Amino acid sequence: MRLAKTLKTSFLFTLVIGVFVSMVMVRQAAPSEVGDVIKDDGCVRQGVEAGCLILKTFDEKKTYNLFFPDGKKPEVGAAISFEGVKHDGPTPCMQGIAVDVKKWTRIKRRCPPEQKNEK
């Protein structure tokens, strides 16, 4: 009888810990919902790291590292206006201010071709 009670207690403890750990992991993976809204516009560029998209503002004073949680992304070279919130957590993309984009639209402006650094 005592063994059965110990097994039940161990099972419940393990279950509670498992639920807690899974909640924490889901919370970390979710994009930020709070914080200051970031709005800007510029040209979408390929980041240095594979799969990373950045946006250089038209005045080239700011660079953003863009994440699109809904999966719909602009093409490289597009001029866009976006609205989002600061990304919560680390990213593999090491350029610019990390932003979770909530909405974006193409704008009627031309982006100049990217300048390649020549040695």
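The values are calculated or read from the model by the stated rules, or taken from the named source; none is laboratory data. Here the structure is a predicted model, which means the values were calculated and not measured. Cβ coordinates were reconstructed from backbone atoms using ideal geometry, including for glycine residues, and neighbour counts include every protein chain displayed.
Beta carbons closer than 7 Å, at least 6 apart along the sequence or on distinct chains, pair a first residue in the range 62-81 that is in contact (Cβ under 8 Å) with a residue 40 or more places away in the chain and assigned by TED's automatic domain parsing to the domain that holds VAL44 with a second that is in a loop (DSSP other than H, G, I, E, B) and not charged (D, E, K, R) for SER81/ILE107.
The lone criterion from (1) over 18 Å from ILE38 (Cβ atoms); (2) surrounded by 16 or more Cβ atoms within 10 Å (Cβ to Cβ) left unmet by GLY84 is number (1). Annotation: of all residues in the range 58-88 being part of a loop (DSSP other than H, G, I, E, B) and of a type in the set (Phe, Trp, Tyr), the one that is farthest from ILE107 (Cα to Cα) is PHE68.
Is it the case that ILE54 is surrounded by 15 or more Cβ atoms within 10 Å (Cβ to Cβ), of a type in the set (A, V, I, L, M, F, W, C) and within 12 Å of ASP40 (Cα to Cα)? The answer is no for ILE54.
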